[in-house]
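To start, the structure under review is shown below, and the notes come after it.
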Amino acid sequence: MTRPAQHSEITMSSEDLQALEERMVNRLRAELMAIHLGDDMVISEAEAAQLIGVHRKTLYKMRAAGEVPHGMIGRTARYSLAQVRQIMRDIAASGEYS
């Protein structure tokens, strides 16, 4: 006869639980909102700004200055996840926009 597995209880404050839930929801939302095109993913302006670590208005200014490659779907800007990751590496190396 097999004994049921015992589980240890994890306790968290309501603030920690709420923060964890928010991070999980944001991560799932970002994954669900991404559009898969070939080997690359296209993400929204809000997602790109969050990944780069800048405000959406800052990303808009970067886009307007030609610093961030993007494509337009109607009036909505979309960004290549691969290119956003490269921008993140460039910013991390240079310290720019931090």
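The values are calculated or read from the model by the stated rules, or taken from the named source; none is laboratory data. Everything numeric in this text was worked out from a predicted model, so none of it was measured. All Cβ positions, even for glycine, are placed from backbone atoms using ideal geometry, and neighbour counts span all protein chains on display.
Data table
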read-out: Enumerated helices (runs of 4 or more DSSP H) restricted to segment 1-73, each holding at least 2 residues that are loosely packed, with under 13 Cβ neighbours inside 10 Å and modelled with pLDDT under 90; value: 14-33
read-out: Candidates Tyr97, Tyr79, filtered to the one that is at pLDDT below 90, outside any helix (DSSP H, G or I), of a type in the set (Phe, Trp, Tyr) and touching a helix residue (DSSP H, G or I) at 6+ places or on another chain (Cβ under 6 Å); value: Tyr97
